[in-house]
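What follows is a short report on a single structure.
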Amino acid sequence: MYISKLSIVNYRNFAIATLRFDKGVNTIIGENGAGKSNIFRAMRLLLDDNMVRAAYRLEESDFHRSLGQWKGHWIIISLEFEEIGPEEAIQALFLHGAGVVEGEAVGRATYNLVFRPKKDVRQKLSGLDDGDMIGLAAIRQAMTIADYETVFTGRSDVDFCDPAIYRELVGDFDHCIFPEEIDDPRIGARMPQFLSVTQEISFTFIQALRDVVAEFHNSRTNPLLTLLKSQSGEIAPAIMAPIVAQVQVLNNSIEALEDVQKVRSDIRDTIKDATGETYSPTSLSIKSDLSDEADRLFQSLRLFVGESGEGYEGAIHELSLGGANLIFLTLKLLEFKYQKAKAPIANFLLIEEPEAHIHTHIQKTLFDRIAYEDTQIIYSTHSTHISEVSNIERVNILGRNGTACEAYQPAQGLSPTQIGNVQRYLDAVRSNLLFARSVVLVEGDAEEILIPILFKKILGVSLDELGVSLINIRSTGFENVADLFDDNRIRKRCSIVTDLDTAVWDTTPVPGEPPADAKFRAKCRAAQAKGADRRDRLELYSQGNPWLSTYYATHTFEVELIAAGNAAQVASIVPQVYVDPPTQALARAELMSGDVGRYGKRVLTMAKHEGKGWFAILLGRYVSHQTTLPAYIHQAIFFARNALTSELFFDIYNHRLQCALAVDAVTQAVADVADARLRAYREGAMDLVALKNAMIEALPHDQIHAILGEVE
């Protein structure tokens, strides 16, 4: 038996989310704040025996934060199980409770937590006339969290994450339309009191480690103590009897020490001297409090580990953070093994962010080796090293969309061939795109190196600050990765940046021309044909996909840099490419000529000579705020990140203003007026349109207006 689906409605930072799982090892990945911990908490409310009480005590803060008015809404957490075993005990549990009957036996089961208004409140809502917003407001105003109940149900067969189904079951709060049926059978039958899924399964949660030493010092969370307690119940009293007798003898021996008895006598005499016989205690003893109970004796045990290879065993607080975390994880895994040995109907192991303070090689090894038979394992992580070795078919990605978080299944709907192509591209570097808020795909090293430098120098903020990941595909096979970005998979924006490779000079063969020129023309013709085919293919591929858009350099990236007005910067690196003075002079002249046939061929020759990556590194040293960003580059970036915060607009315009002031492109008086308008915008006293007009007035010829013209 395994969890095949988790559905969440209105819980914490999830308005609606569906996660899908398979047998074996699964991974949930996402940036910080994307909701990984809340996903695990939702699952634990249903499956972790230690969390059942918390399930009955949900609070206002547990409702999805963008609901605004939470009163009347429901929280729904639903688990779906597949491959329910044929054993009689398992079938009995799910036939009475959560099972969905398929033929003569239960093969699929649902188990739901529903946090909803109590019956009397639901009746009041059901009695409202359609559209009676005043009546609805009155009912909601009187509601408190005490008017809610938690129910566990099974045998449901609807998609709670379908907004239409939610309105049918719960109601339409925007138009005040509520169902007549206040106990719709589609939410499932209540689980009988005598049945408990948590008692029949093995469930272990290994939380993200923040302070391992504190965990070991806490008797409630100490994993060593948990293991010892689980074993102590199996120790026969006859085995413990001589140990208990020794403890009693030790207590008596300590109490009988001469110094102990003298201090006891002195305390009693001093009290009598101070307060008199009447007010003195009738008796006073000093006793040794070493427990003779097995449970208490185990609490005195401590774990010592040798980590350095020097023969020294230290306490947990003496270990490195990684070493302590590894020991903690090991003990929790052993706890799971003890539970699994009791032959429950299913085994679930949830591991939260195992990468904390652990070396990357250990991360990969842990992920590879922790795979127990008949056990479903679910990791959460923001480690690219773990995501690198994760099977893309068993990955759920969490991402932020405004105030809400969403869940994506990157392999959903892809063919086996497409899945294989994606999997091959997700190495440790490119797996960053799974964590990105938006993505720009480029085809080569030059773009990967120079675009971030250009953007930072020109706009004053980095692509990382925008939440944009620039991914080098190192080919033109963009579809192999772009397949991920779709309504059915990752709903994040992705730009493709590629070259059309249009020839920089006439490709018509010239009779009698030198062989080298003829060869160059033929090469240009072939590249131009491939570029045109690539454009046609990508345009057809991205058509109708709102998450994907493609942007083209007419020639190549290097040629477009010069065409945008950066000939002088490219010419600056000529002495680092050519040693011969005449060649240097010719190269400068060609680069500054304004003739694409001349500067195009020269810059391509230079890039080939140095290697495109090294050429980009050399050129990056001469990029400044005065370098012009090619239009297709900023269009691609601002498709991926189509809206900016007020702080980002402030930072970008302020950067351009300070750069202009530094080179005397504006006067101090103009800068002071512009600065005041910028601060007014940041404080909410000026809207974006007014700010853009103010910046055009202050910096009339600045390229920033073309860059940010369409950005909201």
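Each value in this text was obtained by applying a stated rule to the coordinates, not by laboratory testing. The structure displayed is predicted, hence computed values, not measured ones. In this analysis, Cβ positions are derived from the backbone assuming ideal geometry, glycine residues included, and neighbour counts consider all displayed protein chains.
Worth a mention:
- Sequence-distant residues sharing a close amide H with Y148 (under 5 Å, placed H): K118
- Cβ-Cβ FRET estimate between K118 and S61, R0 fixed at 25 Å, reported to 0.05: 0.80
- Anisotropy class assigned to the range 643-708 is prolate, per the alpha carbon gyration tensor with a/c at or over the 1.5 cut-off and a/b larger than b/c.
- Modelled this way, with points 7 Å down the Cα-to-C-beta line, the labels at R474 and A138 are 7.0 nm from one another.
- Least to most buried among V422, V570, V244 (fewest other Cβ within 10 Å first): V244, V422, V570
- Expressed to the nearest 5 percent, the antiparallel share of DSSP beta bridges inside the range 436-642 is 0 percent.
- Taking the range 610-624 and a reference point 7 angstrom along Cα→Cβ of A516, the backbone N atoms nearer than 18 Å belong to 610-611.
- Taking a straight line from the alpha carbon of K118, these lysines sit under 28 Å away, with near neighbours fewer than eight places off in the same chain left out: K5, K71.
- Equivalent ellipsoid semi-axes - Cα gyration tensor, the range 404-514, angstrom: 32, 21, 11
- Length released on extending from A208 to R424, taking residue separation times 0.36 nm less the Cα-Cα span: 74.8 nm
- Ranking of C161, C405 by neighbouring Cβ atoms within 10 Å, starting from the fewest: C161, C405.
- Phi to ³J(HN,Hα) by Karplus 6.51 cos²θ - 1.76 cosθ + 1.60 over the range 558-571, Hz, x for Gly, Pro: 5, 5, 5, 4, 5, 4, 6, x, 10, 4, 5, 5, 5, 5
- Between V673 and A54, the simple spin-label model (points 7 angstrom out along Cα→Cβ) gives 5.9 nm.
- With R₀ fixed at 22 Å, the C-beta to C-beta distance from A665 to A631 puts the FRET efficiency at about 0.55.
- Distance in nm between pseudo-label sites at I267 and D147 (7 Å out along the Cβ direction from Cα): 5.8 nm
- Computed FRET value (nearest 0.05) for E83 with S624, which takes r as the C-beta separation and R₀ as 56 Å: 0.35
- Across the range 503-517, coupling constants 3J(HN,Hα) worked out from phi with the 6.51/-1.76/1.60 Karplus curve, θ = phi - 60°, read 4, 8, 8, 4, 9, 5, x, 10, x, x, 6, x, x, 5, 5 Hz, and Gly and Pro carry x.
- Length gained when the stretch D595-D506 is fully extended (0.36 nm per residue, less Cα-Cα span): 30.8 nm
- From least to most packed, judged by other beta carbons within 10 angstrom and beginning with the fewest, H634, H701, H655 follow the order H701, H655, H634.
- Residue-count net charge about F63 - beta-carbon cut-off 10 Å; Lys, Arg +1, Asp, Glu -1: 0
- The H on the amide N of N26, modeled in the peptide plane, is under 5 Å from the matching H of I377, I378, Y379, each at least 5 residues off or on a different chain.
- Under 5 Å from the amide H of F203 lie the amide H atoms of F348, each residue being 5 or more positions distant or on a separate chain, with H modelled from the backbone and absent for Pro and chain starts.
- Kirkwood hydrodynamic radius of the range 2-201, from the reciprocal of the average inverse Cα-Cα distance over all distinct pairs: 17.8 Å.
- If the segment from A189 to W614 were pulled out straight at 0.36 nm per residue, it would be longer than the present Cα-Cα gap by 146.3 nm.
- Taking a straight Cα-Cα cut-off under 18 Å and skipping sequence neighbours fewer than 8 places away in the same chain, the aspartates and glutamates within cross-link reach of K692 are E647, D651, D672, D675, E683, D702, E710, E712.
- For the range 473-502, backbone nitrogen atoms closer than 16 Å to the point 7 Å from R535 Cα along Cα-to-C-beta are found at 496-502.
- Once the mean of 1/r is taken over each pair of separate Cα atoms and inverted, the range 461-543 shows a Kirkwood hydrodynamic radius of 15.6 Å.
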